[in-house]
Amino acid sequence: MQFRSTRSNKPLVSFKDAALRCLPPDGGLYVPARVMDIRQFFLYMDAATSYPELVAAVAPALLQGELNPFSASRVAESAFDFEPELIRLDDEFSLLNLHNGPTGLYKDFGIAFLAAVMEELLKNSGQAMILSAARGDSGVSIARAFQRRKGMYVVLAYPSGPIRGLDPSTLITNGGNIVPIQIRGTFDDCQRLVNATINDRNFAERYGVTSANAINPGRLLPQTFYYLYAFIRIKKYLKEDLVFSVPSGNFGNLMAGLYAWKFGMPVNGFIAAMNANNAFGDFIRGKQFTPRPPVATNSPALDVSVPANYERLLSFYEEAPAVMHNMVYSASINDSLTLKTMEQVWKKYHILMDPHTAVAFAAAEELSASKKWGDHTHTVILATGHPAKEAALVLQATGQIIPIPEPLSLMQKKTDPITIIDPQLEDLEGAIAGCF
Ligand SMILES: *Cc1c(COP(=O)(O)O)cnc(C)c1O
């Protein structure tokens, strides 16, 4: 599979180059240059197929010429010591748990594959340095996925304040490959310095600097795999339509679902579940989209004004507007309905959900009542966050005290940075150069 920019049909780049560059130089986003139908590689699978098996079969089909089946099984085994989990609640609803990874967020799935596939694709050809401004979970997820991988380094720029969740034995000062640097400043300062370093072509090329942020196509593509995983498990129960309800902020997760459909997954609809930050729903309904400043809610990952994947979505709508308007529906769920849904799901199914998942659950119920699809439609709700990450809200909504699982309790451990610097480009570049 080759990639192009949303803003141009040329040049075409390989998956490896698209993942290493993250963004095309023209300011667009990388998208597959041609959609491929790979249904023959997964339609025969059923609930007995494990996640690494599925990935090992599907990834080389998508990445023909770059990833052979042997490499792909190595990548799948090394990326995934955690799996999604499909829980069929009743005839109408299932939950697809995507919160079993090291940081309890669905983002672990894309990051884990990116790290493993980069190690495989870069074998014997120099080094790569993942440079990222780190806030909370994203830095931990990247560090966990890339730690101990050959030829790869992770530089995390932290703002002032405690640094949590890194394993001290993986730091570069202890012979590892993780480089936490603290910047005397805010997260925005970190972001600015990281972008300046990536744009300093000489420096970036000398150290093989790249980014692993959420719009990297190397994270987006593997997110299609868990949709297929849900499909092969639920298909034997399907009587009529299949719909996925996705809590959506930057629309990476929903975008991956749309690619899974383009790759041949039989599906009838997607629900873009939003909270009070719902201006983008106008775009989905085919109206003029006027962004509004985000407001704070109890599902903060959805507090987004302009989705980072806007250009990718736009290219789908420009190609086939009528098809898209029949495929994607939006819903907007407020904070009180979010809490009420957490309570009702606990009472009815004895399952605790995080608020982002609850937004998607409430949206699924709303769309089901509106009869957009047939009477026997089954909706798979993507559970994107572990409920223990939102223990206070879970307690408020359900009265339940939720135990913190082992991987998430490790995220509370504090680590020291290897150095503390002023918010200047020379200082960050000097600190990085000093490590090698
Ligand atoms: C990031 C995140 C989302 C939103 O996903 P997008 O791809 O940005 O739409 C939803 N839920 C949780 C828990 C998240 O961390």
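No lab work stands behind these numbers, since they all come straight from the coordinates. All of these numbers come straight from a predicted model, not from anything done at the bench. Glycine also receives a Cβ, built like all others from the backbone with ideal geometry; neighbour counts cover every protein chain displayed.
Kirkwood hydrodynamic radius of the chain, from the reciprocal of the average inverse Cα-Cα distance over all distinct pairs: 22.3 Å. Residues Tyr207, Tyr226, Tyr349, ranked from the fewest to the most other C-beta atoms within 10 Å, line up as Tyr349, Tyr207, Tyr226.
Placing unit charges on the Cβ atoms of the charged side chains and taking the dipole of the stretch 40-191 about its Cα centre, the candidate lying farthest along the positive direction among Pro168, Val75, Leu63 is Pro168. Over the stretch 43-117, the pair-distance histogram of Cα-Cα distances with 10 Å bins from zero comes to 19, 45, 30, 7, 0 percent, rounded to whole numbers. Listed by chain and number, the lysines whose alpha-carbon sits under 17 Å from that of Lys239, ignoring those within fewer than 8 places in the same chain, are Lys371, Lys372.
Starting from the Kirkwood radius over alpha-carbon pairs of the stretch 81-127, derive D by Stokes-Einstein at 25 °C in a medium of 0.890 mPa s and give it in µm² s⁻¹. Taking Rh from Cα pairs, D becomes 194 µm²/s. The residues neighbouring Asp137, those whose beta-carbon lies less than 12 Å from its own, together hold a net charge of +4 under the Lys/Arg +1, Asp/Glu -1 convention. With both residues required to sit in the chain, DSSP beta bridges show an antiparallel share near 25%. Using only side-chain charges placed at the Cβ, +1 for Lys and Arg and -1 for Asp and Glu, the dipole size of the stretch 128-216 relative to its Cα centre rounds to 200 debye. Listing His99, His350, His356 from fewest to most neighbouring C-beta atoms within 10 Å gives His350, His99, His356. In units of the compact-protein estimate 2.2 N^0.38 Å, the stretch 285-326 shows a Cα radius of gyration of 1.39. For the stretch 149-266, the direction-averaged projected area of the alpha-carbon convex hull comes to 10.8 nm². With the largest listed first and rounded to whole Å, the semi-axes of the equivalent ellipsoid of the stretch 1-155 from the Cα gyration tensor are 26, 21, 17. Of all the options Asn298, Asn277, Asn124, the one that moves most in a Gaussian network model of the chain with Cα springs shorter than 10 angstrom is Asn124. The angle between the Cα long axis of helix 69-79 and the longest principal axis of the Cα atoms of the chain comes to about 90 degrees, rounded to the nearest 10. With respect to the chain, whose longest principal axis is taken over its alpha-carbon atoms, helix 137-146 is tilted by about 70°.
May I ask for the distance between the Cα centers of the stretch 144-211 and the stretch 21-75, given as a whole number of Å? Value for the Cα centre distance between the two parts: 28 Å.
Sorting Met255, Met342 by the number of Cβ atoms found within 10 Å of their own Cβ, with the fewest placed first, yields Met255, Met342. Please label the shape of the stretch 87-219 as rounded, prolate or oblate, based on the square roots a ≥ b ≥ c of the eigenvalues of the alpha-carbon gyration tensor (a/c under 1.5 means rounded; beyond that, a/b larger than b/c means prolate, else oblate). Prolate, because a/c is 1.5 or more and a/b exceeds b/c. If only the Cβ of Lys and Arg carry +1 and only the Cβ of Asp and Glu carry -1, the dipole of the chain around its Cα centre is close to 460 debye. Potential lengthening of the chain between Asp37 and Ser160 amounts to 39.5 nm, from the contour at 0.36 nm per residue minus the alpha-carbon distance.
Measure nothing but the geometry: give the 0 to 90° angle between the long axis through the Cα atoms of 310-319 and the longest principal axis through the Cα atoms of the chain, rounded to 10°. The answer is roughly 50 degrees.
Overall, the anisotropy analysis places the stretch 296-387 in the oblate class: the square-rooted eigenvalues a ≥ b ≥ c of its C-alpha gyration tensor yield a/c not less than 1.5, with a/b not exceeding b/c. All other residues whose Cβ lies under 15 angstrom from that of Gly374 are scored, Lys and Arg at +1 and Asp and Glu at -1, for a net of -2. With helices as the sole contributors, the chain gives -11500 deg cm²/dmol at 222 nm; each DSSP H run of n ≥ 4 counts as -39500 (n - 2.57), and the sum is divided by every residue.
Count Lys and Arg as plus one, Asp and Glu as minus one, and take only other residues whose Cβ is under 12 Å from that of Glu120; the net charge is then +2. Each DSSP beta bridge with both residues in the stretch 55-211 is either parallel or antiparallel, and the antiparallel ones are about 20%. For the set Lys16/Lys389; Lys123/Lys413; Lys16/Lys107, the pairs lying more than 27 angstrom apart at their alpha carbons are Lys16/Lys389; Lys123/Lys413.
Measuring max minus min along each principal axis, the C-alpha atoms of the stretch 132-200 give extents of 28, 28, 19 Å (largest first).
Looking at the stretch 340-424, the trypsin sites (Lys or Arg not before Pro) that sit in a DSSP loop and have at most 11 other Cβ atoms within 10 Å of their own Cβ are Lys371. Principal axis analysis of the Cα atoms in the stretch 281-436 yields extents of 63, 46, 27 Å, listed in decreasing size. Taking the Cα of Asn124, stepping 7 Å toward and past its beta carbon, and measuring to each backbone N in the stretch 68-83: which are under 20 Å? Residues 68-75 fall inside that zone.
P(r) tail for the stretch 180-242: Cα pairs beyond 13 Å make up 75% of the total.
For the stretch 1-66, pairs of C-alpha atoms spaced more than 21 angstrom apart make up 36 percent of the total.
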